[in-house]
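Participant: I have a structure here, written as structure tokens, and I will follow up with some questions on it.
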Amino acid sequence: MNIVILSGRVATDIDSRVTKDGRLVSHFNLASPKGFKKNKEGKIPAEFHRINAWGKIAEHCRDFLLKGRQVNVRGHLSTNTYTTKDGKRLNFSEVTADIVEFVDYRKEVAPAQQLAPDAESAAIPFPETTAPIGVPALQDMSISAEAYGVEIPF
């Protein structure tokens, strides 16, 4: 069975595109803690996961997710291969999201929603909950973002 469940914070801006066949896909990186133990610097190390969302889920990610938001993602792991310009074959893994749950509640509105509010998307309520029990606060995490070319939002 191929099921992935992750909890963490959105580490990059949402990148949404329309494929050649007209399907919407949104990509983002999720930073999740590697455990509860702090390292020598007193911070919790994190792992980065590449997340893909398609269709309606991609729309909601594009319209409502912001860098730094805490989300739960349920999906499946995909391993893909591509060839670089110099002929090397590289493998990479990513999670295709079946469910993206907004865990924290913030009153600010995503820029995409400010420019072009969509009646159907605007009616989606955000849950007014805090982090699930057992999930550590991610503000103390020490992450080597340089390897991923991202700025950590916490």
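The values are calculated or read from the model by the stated rules, or taken from the named source; none is laboratory data. What you are looking at is a predicted structure, and each value in this text was computed from that prediction instead of being measured. Here the Cβ is made from the backbone with ideal geometry for all residues, glycine too, and neighbour counts use every protein chain on show.
Results for (1) in contact with a Ser or Thr (Cβ under 8 Å, 6 or more places away or on another chain); (2) under 11 Å from Ala11 (Cβ atoms), shown as yes or no for each residue.
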{"position": "Ser32", "(1), (2)": "yes, yes"}
{"position": "Asn39", "(1), (2)": "yes, no"}
{"position": "His49", "(1), (2)": "yes, yes"}
{"position": "Lys56", "(1), (2)": "no, no"}
{"position": "Asp63", "(1), (2)": "yes, no"}
{"position": "Gly75", "(1), (2)": "yes, no"}
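Participant: Further question on the same structure: Return a yes/no flag: does the stretch 71-86 have any residue that is surrounded by 10 or more Cβ atoms within 10 Å (Cβ to Cβ), at pLDDT below 90, under 15 Å from the mean Cα position of the chain (by Cα) and in a strand (DSSP E or B).
Facilitator: There is no residue in the stretch 71-86 that is surrounded by 10 or more Cβ atoms within 10 Å (Cβ to Cβ), at pLDDT below 90, under 15 Å from the mean Cα position of the chain (by Cα) and in a strand (DSSP E or B).
Participant: Sticking with this structure for a sec: Enumerate the pairs (first residue in the stretch 50-65 and without any contact (Cβ under 8 Å) to a residue 60 or more places away in the chain; second residue anywhere and aromatic (Phe, Trp, Tyr) and buried (at least 21 other Cβ atoms within 10 Å of the Cβ)) with beta-carbon separation below 6 Å, excluding pairs fewer than 6 apart on the same chain, so at least 6 apart or on different chains.
Facilitator: Ile51/Phe28
Participant: Can I ask one more? With the condition kept exactly as written, say whether any residue in the stretch 85-100 is touching a residue at least 40 places away in the same chain (Cβ under 8 Å) and at positive phi.
Facilitator: No, there is no match, as no residue in the stretch 85-100 is touching a residue at least 40 places away in the same chain (Cβ under 8 Å) and at positive phi.
Participant: Does the stretch 1-46 hold any residues that are buried (at least 16 other Cβ atoms within 10 Å of the Cβ), in contact (Cβ under 8 Å) with a residue 40 or more places away in the chain and among the β-branched types (Val, Ile, Thr), and which are they?
Facilitator: Across the stretch 1-46, the qualifying residues are Val4, Val10, Thr12, Ile14, Ile44.
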